[in-house]
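As structure tokens, the structure follows; a few thoughts come after it.
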Amino acid sequence: MTGASGTVGRHLVPRLTAAAVRVRALTRDPERAKEQAGELVRGDLRDPESVAAAARGATAAFLVWPFPTVDGAEETVAALAGQVGRVVYLSSAAVRDVPGAGPQSPGRPDGEIEAMLVRSRVRHTVLRPYGFAANALRWAAEIRAEGVVRDYGGAAGLNPVDERDIAEVAARVLTGDGHDGARYVLTGPEALTRAEQVRIIGEAAGRPTRWEEIPRGAARERMLADGWPASIADGALDFLHARIGDPEPVTDTVRRVTGRRPRGFRDWAAEHAARFR
Ligand SMILES: NC(=O)c1ccc[n+]([C@@H]2O[C@H](COP(=O)([O-])OP(=O)(O)OC[C@H]3O[C@@H](n4cnc5c(N)ncnc54)[C@H](OP(=O)(O)O)[C@@H]3O)[C@@H](O)[C@H]2O)c1
């Protein structure tokens, strides 16, 4: 496993060990990750030799590529593909399949990594989640301090997917058959505007919480001041603008793969309420 300590991976490790799968996790810092179940191996995703050494003898690998560019990815994908029979890659719903051109995600590495997996000829399955429910934790400090989130795009309709559902799907794919070549687009059960998400968090936390819309230009200035590259900030703002009046879709993939309804944002907010108080 790569990304075992991450937002999705930390829910995947216990699911795999519960299914009697032996897990070996690559981490940059085994000391920091030592509470985690399974065997820990020091390594770096950008050091393909360490990736190959960690994967030696494994039957399958869970791959994350948590970087903004593909620099070094081809070597790492090749190193993994040379060791394991199967790869499950945590991609994103930003990837589109373009006839004749393959998976594409302009400005993001996910599409190119998917293409590398195809070229490597390793058996693989791709998970393409929409935004994680856990992204709402970015609002926690503002909500705790003032009970308000000031941002652009409150009317943008997003469909947050619970990271535990992504882990559940990954566990099913890693431990079951019939998933080779699948591209699983994962969503929650319903689209909600960002302002609705903030209201739901307030209800769960037991305190009034509201959205305060700010102009796009002000949001952009703040992002640049926070160190976002202009192209990424503009891409994120364009994305939100496009979702106003055209919310993200709902897929039935979580239910098809796990047999269960996807967890809703209200459940997620209730379980994480303490983080917003
Ligand atoms: N957030 C979203 O809404 C969203 C939506 C769709 C797709 N995604 C995709 O999800 C992926 C991130 O997954 P996540 O959120 O579960 O992870 P995360 O919480 O961002 O954690 C990053 C993980 O990557 C590992 N890592 C970071 N740099 C590393 C390096 N140089 N070498 C080895 N390991 C390294 C970390 O392990 P150690 O610290 O233990 O080394 C950690 O486990 C990204 O590719 C992102 O595009 C995110």
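Using C-alpha pairs under 8 Å with a sequence gap of at least 6, the mean separation divided by the residue count of the chain gives a relative contact order of 17 percent. Against the main long axis of the alpha-carbon atoms of the chain, helix 230-242 sits at an angle near 70°.
Can you tell me which of 194, 86, 32 moves the most in a GNM of the chain? Springs connect C-alpha atoms under 10 Å apart. Comparing 194, 86, 32 in the GNM, the peak value goes to 32.
May I ask what percent, to the nearest 5, of DSSP beta bridges between residues of region 9-129 are antiparallel? Provide the component values of the computation, followed by the final result.
On the way: 3 of 16 bridges.
Counting DSSP beta bridges with both partners in region 9-129, the antiparallel share is about 20 percent.
3J(HN,Hα) along region 187-200: 9, x, x, 7, 7, 9, 6, 5, 5, 5, 4, 5, 5, 5 Hz, from the Karplus curve 6.51 cos²θ - 1.76 cosθ + 1.60 with θ = phi - 60°, whole Hz, x for Gly and Pro. Selection among 209, 169, 223 by position relative to the dipole of the chain gives 169 as farthest towards the positive end (Cβ unit charges, Cα centre). Close amide-amide hydrogen proximity is noted between residue 152 and 214, each under 5 Å apart and 5 or more residues distant or on a separate chain (H modeled in the peptide plane; Pro and chain starts excluded).
Roughly how tilted is helix 110-120, in degrees to the nearest 10 and between 0 and 90, from the longest Cα axis of the chain? Around 10 degrees separate the two axes. Converting phi to 3J(HN,Hα) with the Karplus coefficients 6.51, -1.76 and 1.60 and the offset θ = phi - 60°, region 168-174 yields 4, 5, 4, 5, 4, 5, 6 Hz in sequence order, with x at every glycine or proline.
When shorter helices are ignored and each DSSP H run of at least 4 residues is given -39500 (n - 2.57), the per-residue value for the chain at 222 nm works out to -11000 deg cm²/dmol. Report, to the nearest 10°, how far helix 216-225 tilts away from the longest principal axis of the Cα atoms in the chain, using its own Cα long axis and a range of 0 to 90°. Tilt relative to the chain: about 50 degrees. Derived scalar couplings between HN and Hα for region 96-105 equal 10, 8, 9, x, x, 10, x, x, 10, 8 Hz in order, rounded to whole Hz, by the Karplus curve 6.51 cos²θ - 1.76 cosθ + 1.60 (θ = phi - 60°), x for Gly and Pro. For region 9-129, the residue among 105, 58, 16 whose Cα projects farthest onto the positive side of the dipole built from Cβ charges is 16. Select from 142, 112, 163 the residue whose mean-square fluctuation is largest in a Gaussian network model of the chain (Cα-Cα springs shorter than 10 Å). Ranking 142, 112, 163 by mean-square fluctuation puts 142 first.
With Cα atoms defining each centre, region 117-175 and region 42-81 are spaced 22 Å apart in the structure.
Readers should treat all values here as calculations from the given coordinates under stated rules, not as data from a laboratory. Computed from a prediction, not measured in an experiment: that's the story for all the values here. All Cβ positions, glycine included, derive from the backbone under ideal geometry; neighbour counts span all protein chains shown.
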